[in-house]
Amino acid sequence: MTSITTSEEGAIQKPNVVVHGGGSDSVYGLGFIGALVYYIGQARNFQEGVIGFFKAIVWPAILVYEIFKLLKIGQSAEQSETPQFPEETMG
């Protein structure tokens, strides 16, 4: 006797594949390698080489910080270079 399997009994389910990060991971990887070569090439001793390794890991954060500082984004009123005028008193 031949039995027929229904879709609920014998169906093969495909796994759901979700891809995150796309091309940004490769850009960061190339940037890391470039920064590592630069910082270690500039190092004069082992200690500077180790510091260069850690700088190569965090170079995007340093870059964003310097850009924000250049554009004066995120500064409080006390840090900005705009002149502060005293309030006029009536009297």
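Remarks
- Spin-label model, F54/Q13: points 7 Å from Cα along the beta carbon direction are separated by 4.7 nm.
- Residue exposure sequence - K69, K55 - by fewest surrounding Cβ within 10 Å: K69, K55
Rule-based calculations on the coordinates, nothing more; no lab input. Computed from a predicted structure; not experimentally measured. Every residue, glycine among them, receives a Cβ derived from its backbone with ideal geometry; neighbour counts consider all protein chains shown.
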